[in-house]
Amino acid sequence: KHGNMPGTVEEWLATIDLSKYLNRFNTNRMGSINRVLEIWEVELTSILNIEPIGHRKRIMKSIRDLRNLQSSLDNEEKKKKVKGAGPKWFHKADDLLRGVDYAARYFGCAKVDGPESTKQAGVICQKLQGKIGAGQKVPEYRLRISAEGIEFIDKQTQKLTCKYHIEDISFVSRDKADLLVFSFISSDRKLNIKMCHVFKAHTRNQAFETCTTIAQSFEVAIKCERQARTRRKYDHSITYPSVTSLRLCARAGSAKRSPAQAT
């Protein structure tokens, strides 16, 4: 099961009773489970300076077990894809017309350039994480994800700080080096720039669900736009401006519910 795979190096070292080596892993850029899976035995002495033979054997045995577990998980994922099943969404379309919330810590944002901007996301994730010092407080937000876009709501004040419209969001993914970390790229049309926003979820499952929900919001937005175009095509007495088409879809969805359901 997915729960058997440790989410962090700290959690993994604790399971084999070797937490005292955590600082060595972090300072030598081995601070993610993905990097741990790639460790060679010689690196334990040449890079991490772990001398006790018993400790090295315990670490390598655990790494082999993790590799086997990861291989099993990958095979299960491949079987699901072979069956041709569509994407597994976590919400109904109506939920994304109203918006769903996810909590995440915000590391900040950085500018991305050129056609290779999506490839820069991983580098930016690592760079912004590196700027956060030990013990430094990272602001936490509620991300309200909907077919209209993503809103940043301050968790303490409950105030909306900014919003990115769905048509301005071009990319979302998790960081391969740390699956708790995810990012999305937004466009600022006035300044003609793209920014990569980086977050850290509380669990790997939460990071996955947040990214999946953003992806689902794209699909719902596209369906809303198509519905609006159909209305414009067959009802010439009403004009639906493109910029408000998503809001009209949301209102239409709300109108179908009874007053009791709406409250």
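The values are calculated or read from the model by the stated rules, or taken from the named source; none is laboratory data. Since the structure is predicted, the reported quantities are computational estimates derived from the model, not experimental observations. Each accessible area value is taken on the protein alone, full model and side chains, heavy atoms only, with ligands, DNA and RNA left out. Shrake-Rupley method; radii C 1.70, N 1.55, O 1.52, S 1.80 Å.
Heavy-atom accessible surface of Tyr164, to the nearest 10 Å², is about 50 Å², with a 1.4 Å probe and all protein chains retained.
Would you kindly state how much longer the chain becomes between Leu191 and Lys163 on full extension, computed as 0.36 nm times their sequence separation minus their alpha carbon distance, in nm to one decimal?
Result: 8.5 nm gained on full extension.
Note on Cys109 and Gln156: the extension gain reaches 14.9 nm, defined as 0.36 nm multiplied by sequence separation minus the Cα-Cα distance.
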